Amino acid sequence: MTNNYIEILKPIGKNIAKYRKIANLTQVQLAAKLEKTKDCIYLIESGRRTPSLKTLAKISLILNTDIKEFFEPNF
């Protein structure tokens with residue numbers, strides 16, 4: 001198995017941050033809605049932690065964004 005999956009996961013954190021800002025939420029506010037810590041959100045948005053599918057689904061509902069938007073490449 002190659003590490004191609006890493007390339008698929010790279011944009012997730014940046015896109016979550018982008019849509020969080022569009023929703024006018026801070027990391028603290030998003031964390032509270034997810035029942036996670038601010039540090040957890042920071043790690044996800046910085047690409048240091050990959051969120052579970054369940055967490056991604058919750059984030060997409062909170063941010064009113066289609067989950068596939070999180071996987072769009074950043075240019």
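In square nanometres, what is the average projected area of the Cα convex hull of the chain? Intermediate values should be presented prior to the final figure.
Numbers: hull surface 19.7 nm².
So the mean shadow area of the Cα hull is 4.9 nm².
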### Query
For the chain, with only Lys/Arg (+1) and Asp/Glu (-1) charged at the beta-carbon, what is the dipole magnitude about the Cα centre, in debye rounded to 20?
180
### Query
In degrees, nearest 10, range 0 to 90: what is the angle between the Cα axis of helix 11-22 and the longest Cα principal axis of the chain?
30
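Roll a 1.4 angstrom probe over the protein heavy atoms and tell me the percent of accessible area of the chain that is carbon or sulfur. Walk me through the numbers on the way to the answer.
Details: 2830 of 5250 Å².
Carbon and sulfur atoms account for 54 percent of the accessible area of the chain.
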### Message
So, taking all protein chains as they sit and a 1.4 Å probe, how much accessible area belongs to K54, in Å² rounded to tens?
### Response
140
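Tell me, what is the percent relative contact order of the chain, built from C-alpha pairs under 8 Å that lie six or more residues apart? Before the final figure, lay out the partial values.
Numbers: 65 pairs, mean separation 32.6, N = 75.
Relative contact order, the chain: 44 percent.
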### Task
Might you work out the accessible area of L34 for me, using a 1.4 Å probe with all protein chains in place, and round it to the nearest 10 Å²?
10
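The values are calculated or read from the model by the stated rules, or taken from the named source; none is laboratory data. Computed from a predicted model, the values in this text were never measured in an experiment. All Cβ positions, glycine included, derive from the backbone under ideal geometry; neighbour counts span all protein chains shown. Heads up: the accessible areas ignore ligands, DNA and RNA and are worked out on the full protein's heavy atoms, side chains in. Shrake-Rupley method; radii C 1.70, N 1.55, O 1.52, S 1.80 Å.
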